[in-house]
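Enquirer: What follows is a single structure, and I will ask about it in a moment.
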Amino acid sequence: MVSSSSSSVLVMIVSLLLIVLIGSSSAQLRTDYYRKACPKLLSTVRSAVKSAVAKEKRMGASLLRLHFHDCFVQGCDGSILLDDTSSMTGEKTAGPNNNSVRGFNVVDEIKSKVESVCPSIVSCADILAIAARDSVHLLGGPKWDVKLGRRDSRTASLSAANSGVIPPPTSTLNNLINRFQARGLSAKDMVVLSGAHTIGQARCTLFRNRVYNETNIDTSFARTRQGNCPRMSGSGDNNLSPLDLKTPAHFDNTYYHNLINKKGLLHSDQVLYNGGSTDSLIKSYSNNAKAFADDFVSAMIKMGDITPLTGSNGEIRKNCRMLN
Ligand code: HEM
Ligand SMILES: *[C@@H]1O[C@H](CO)[C@@H](O)[C@H](O)[C@H]1NC(C)=O
Ligand SMILES: *[C@@H]1O[C@H](CO)[C@@H](O)[C@H](O)[C@H]1NC(C)=O
């Protein structure tokens, strides 16, 4: 009797602790986090992103992708922004990032403008989240309130970035679903976030096999893409093609039309519409721009919540490339 009642008390205490722990892990991010401490933050970031995107539209895509690659490796903590040092090799040369992610100079510009209005207040991780939101909106996509209050990591790890947490473009549908699941994101979140490939560019080396060897591809689309991507590896590896053939600098739902027409550029794009469990979602987003925009916003907020550093963890970097 005694032992059963004391064990049920124990179960209650453990459950309460779990509720408190789970509830607090992302509860500390708030949309008004810097309202008093840095009232000019949002307008400062927006104008810096606006001028970068005016100079080069692709930069909007590049900034959005930086936030994704930041969040998937040890959480949204600015780890991707750290340069290598003699004692630490960071994420920048990892397989998914090397010669691929870009926009670091623009992040530096945004950060220095933010430092000039509110020194040592705003994290680099939060700047990435705001810049991603502004990029989507400036290219014609939805706008949303960004949750803030992340702090910056004191570490970055090459091996963590290479461990497969960021799925490669050769992934099967199952692998994509599993990689997102591992980050607390559903198959639906994965499908809707893949809609980010409505903007930006990819390198020949990452779609060569698809345009020469795959059969679930529109023939004339494949031929066009082969034109800028020589069959022999080594030549033209870095030649770029738009992920969305129709409107590569406009954030819309044409990505899903492309998939239905077998015009996905990456293998990992076309597997989302290839007779599998996600076909119906692709059809519904291709028919419903509003549903895509709404679900994209929810999924971005969820992705931005991946294990942030809060409270006294981490730091507010002065320079996004290095520890204080
Ligand atoms: C579902 C799994 C995903 C895979 C396998 C994947 C893979 C890729 C690849 C291979 C590229 C081209 C990189 C290069 O050519 O160097 C790319 C570009 C891009 N990705 Fe993804 N991606 C995925 C999900 C996402 C997500 C969730 C987002 C953002 C929410 C995103 C945003 C972008 C953007 C905007 C670009 C173009 C970047 C630029 O032009 O600079 N991707 N992705
Ligand atoms: C990154 O790319 C450069 C070429 O720009 C190459 O020399 C280097 O070996 C690559 N690093 C890794 C870790 O693959
Ligand atoms: C096509 O597939 C074959 C067999 O797997 C492979 O040897 C070849 O390199 C591939 N070609 C391209 C252009 O990727």
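The values are calculated or read from the model by the stated rules, or taken from the named source; none is laboratory data. Since this is a predicted model, take the numbers as computed values, not measurements. Cβ placement follows ideal geometry from the backbone for every residue including glycine, while neighbour counts extend to all protein chains displayed. Note: accessible area is taken over every heavy atom of the protein model, side chains too, but ligands, DNA and RNA are not part of it. Shrake-Rupley method; radii C 1.70, N 1.55, O 1.52, S 1.80 Å.
Enquirer: For region 208-250, which positions are within 20 Å of the chain's Cα centre (by Cα) and within 11 Å of ligand 3 (Cβ to nearest atom)?
Expert: Those that are within 20 Å of the chain's Cα centre (by Cα) and within 11 Å of ligand 3 (Cβ to nearest atom): none in region 208-250.
Enquirer: Take R183 and tell me if it is in a loop (DSSP other than H, G, I, E, B), open to solvent by 60 Å² or more (accessible area, probe 1.4 Å) and more than 16 Å from ligand 3 (Cβ to nearest atom). Explain how you work it out, then say what you get.
Expert: Numbers: in a loop (DSSP other than H, G, I, E, B): yes; open to solvent by 60 Å² or more (accessible area, probe 1.4 Å): yes; more than 16 Å from ligand 3 (Cβ to nearest atom): yes.
Against the criterion (in a loop (DSSP other than H, G, I, E, B), open to solvent by 60 Å² or more (accessible area, probe 1.4 Å) and more than 16 Å from ligand 3 (Cβ to nearest atom)), R183 qualifies.
Enquirer: Pairs needed: first member in region 79-93, under 14 Å from L128 (Cβ atoms); second member anywhere, of a type in the set (K, R); C-beta distance under 9 Å; at least 6 residues apart or different chains.
Expert: I80/K92; L81/K92; L81/K111; L81/R317; L81/R321; L82/K92; L82/R317; L82/R321
Per-residue answers, yes or no, for (1) over 26 Å from E91 (Cβ atoms); (2) away from ligand 2 (no atom under 16 Å from the Cβ); (3) open to solvent by 60 Å² or more (accessible area, probe 1.4 Å); (4) assigned to a helix (DSSP H, G or I):
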{"position": "A132", "(1), (2), (3), (4)": "no, yes, no, yes"}
{"position": "G140", "(1), (2), (3), (4)": "yes, yes, no, no"}
{"position": "V165", "(1), (2), (3), (4)": "no, yes, no, no"}
{"position": "N174", "(1), (2), (3), (4)": "no, yes, yes, yes"}
{"position": "S194", "(1), (2), (3), (4)": "no, yes, no, yes"}
{"position": "N209", "(1), (2), (3), (4)": "no, yes, yes, yes"}
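Enquirer: With respect to V106, is the statement that it is surrounded by 15 or more Cβ atoms within 10 Å (Cβ to Cβ) and either aliphatic (A, V, I, L, M) or within 14 Å of ligand 1 (Cβ to nearest atom) (or both) true?
Expert: On the way: surrounded by 15 or more Cβ atoms within 10 Å (Cβ to Cβ): yes; either aliphatic (A, V, I, L, M) or within 14 Å of ligand 1 (Cβ to nearest atom) (or both): yes.
The answer is yes for V106.
Enquirer: Still on this structure: In this structure, does K57 turn out to be in contact with a strand residue (DSSP E or B) (Cβ under 9 Å, 6 or more places away or on another chain) and either open to solvent by 50 Å² or more (accessible area, probe 1.4 Å) or within 14 Å of ligand 1 (Cβ to nearest atom) (or both)? Outline the logic, then answer.
Expert: Values: in contact with a strand residue (DSSP E or B) (Cβ under 9 Å, 6 or more places away or on another chain): yes; either open to solvent by 50 Å² or more (accessible area, probe 1.4 Å) or within 14 Å of ligand 1 (Cβ to nearest atom) (or both): yes.
Answer is yes for this residue.
Enquirer: Restricting to region 152-163, and then to whatever is open to solvent by less than 50 Å² (accessible area, probe 1.4 Å) and either in contact with a Ser or Thr (Cβ under 7 Å, 6 or more places away or on another chain) or outside the structural domain of R133 (by TED's automatic domain parsing) (or both), can you tell me which residue is nearest to ligand 3 (Cβ to nearest atom)? Spell out how you get there, then give the answer.
Expert: Just the residues of region 152-163 that are open to solvent by less than 50 Å² (accessible area, probe 1.4 Å), to begin with: 152-153, 156-157, 160-161.
Subsequent filtering for residues that are either in contact with a Ser or Thr (Cβ under 7 Å, 6 or more places away or on another chain) or outside the structural domain of R133 (by TED's automatic domain parsing) (or both) retains 152-153, 156.
Details: D152: 40, S153: 37, A156: 32 Å.
Per the stated criteria, the residue is A156.
Enquirer: Let me ask another. Out of all the residues in region 110-124, is one or more under 18 Å from the mean Cα position of the chain (by Cα) and β-branched (V, I, T)?
Expert: Step one: filter region 110-124 for residues under 18 Å from the mean Cα position of the chain (by Cα), giving 123-124.
Of the ones still in play, those that are also β-branched (V, I, T) are none.
For region 110-124, residues under 18 Å from the mean Cα position of the chain (by Cα) and β-branched (V, I, T): absent.
Enquirer: Hey, another quick one. Enumerate the pairs (first residue in region 278-305 and under 19 Å from S268 (Cα atoms); second residue anywhere and of a type in the set (V, I, T)) with beta-carbon separation below 6 Å, excluding pairs fewer than 6 apart on the same chain, so at least 6 apart or on different chains.
Expert: T278/V191; L281/V191; S286/I260; F296/V192; A299/V192
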